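Reading through the structure tokens given below for one structure.
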Amino acid sequence: MVTNESETFDIGGELTVHRLGFGAMRLTGEDIIGEPDDEAHAHSVLERAVELGVDFIDTADSYGPGVSERLIGEALDTEREDLVIATKGGLLRNTDADWLAHGDPDYLRNAQLCSRDRLRMDPIDLYQHHRPDPDTPFEDSIHALAEMKDEGLIRHVGVSNVSVDQLDRARDIVDIATVQNQYNVAHRDDEDVLEACENYGIGFIPWFPLGAGDLGDIDGIGEIAQRHDATPYQIALAWLLGHSDVTLPIPGTSSLDHLEQNVAASAIDLTAEELAQLS
Ligand SMILES: NC(=O)c1ccc[n+]([C@@H]2O[C@H](COP(=O)([O-])OP(=O)(O)OC[C@H]3O[C@@H](n4cnc5c(N)ncnc54)[C@H](OP(=O)(O)O)[C@@H]3O)[C@@H](O)[C@H]2O)c1
């Protein structure tokens, strides 16, 4: 029986989750726009994730837009104390499926209310600023999230797609519980941001933990996978969990088989040499 065997992490010092989570972006229609072909299947992926011991689910209002959050609100008891839902605001979509940063404080406040309704949860466990908007002072966007936290609308504040400098500026305004940046075994441009999170003791949520399904050629990963009777994707997740104590990988899938494989990766312990070989 597959179960989530990853260690736990306390988000914001209080919301305890297993470090291997689930990313719910892939449950929507093509190009992350609209509904999936089979909503019942999308519900069953979410239900199965929780059955397997996943207690940390990441989404955003821009996935669908609205669709991923709605599916989560329909499929799961989002008010359960032992389930942590993280969502994000600050990106608009259009019919060309572009992702447009919009960090206007009034817009963020409105977006949070819509997320709350779709997710059927109040307050929202973790609300993340999706991406700095070049047309809005970053501090103004973060102040909006700080106010929402003060008003009890959200429990914790996270940021996404930030540099160390932006993280520090956000931390000057409000406690930041997590950072969510692109990072995986083959793409480590934000190692400095991960190190900052380690120093501050806050969570680092690597998006594209599986390289969006294409990790490329990674020296030695095939041999390590064979040794553990695993797939290279599972080794990529085990590497993320072993590389740092603050990583919270959120692999995304719309497949029940891949979901089970990803959760099973939490039981793989890479040796120090294997971790070093892939680093
Ligand atoms: N903050 C941001 O700006 C940002 C940006 C992008 C994503 N995210 C978050 O990060 C999460 C993860 O990102 P992601 O889903 O784009 O990328 P990912 O987790 O790196 O990869 C997902 C892709 O890998 C495939 N896959 C999953 N498990 C697999 C397995 N065991 N074996 C083989 N293929 C597998 C999936 O296809 P199948 O469906 O066929 O399994 C899917 O195409 C998202 O759900 C979202 O929550 C955040």
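Each reported figure results from applying straightforward, stated rules to the coordinates on display, with no laboratory input. What you are looking at is a predicted structure, and each value in this text was computed from that prediction instead of being measured. So basically every Cβ, Gly included, is an ideal-geometry build from the backbone, and we count neighbours across all protein chains shown.
Structure data summary
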| read-out | value |
| --- | --- |
| Packing-based ranking, highest mean first, of 134-147, 62-75 given that Cβ atoms within 10 Å are counted | 62-75, 134-147 |
| Span from the the stretch 173-228 Cα centroid across to the the stretch 1-63 one, whole angstrom | 18 |
| Label point at E14 placed 7 Å out along Cα→Cβ; residues across the stretch 156-184 whose backbone nitrogen lies under 14 Å | 156-157, 175-177 |
| Ordering of 235-241, 177-183 by burial proxy (mean other Cβ atoms within 10 Å per residue, highest first) | 235-241, 177-183 |
| Residue among V164, V193, V185 with the largest mean-square fluctuation in a Gaussian network model of the chain, springs linking Cα atoms under 10 Å | V164 |
| Förster radius 35 Å - calculated FRET efficiency between Q277 and D168 (Cβ-Cβ, nearest 0.05) | 0.60 |
| Phi to ³J(HN,Hα) by Karplus 6.51 cos²θ - 1.76 cosθ + 1.60 over the stretch 183-191, Hz, x for Gly, Pro | 5, 7, 4, 9, 9, 10, 4, 9, 4 |
| Gaussian network model of the chain, Cα within-10 Å springs - most flexible of I218, I154, I85 | I218 |
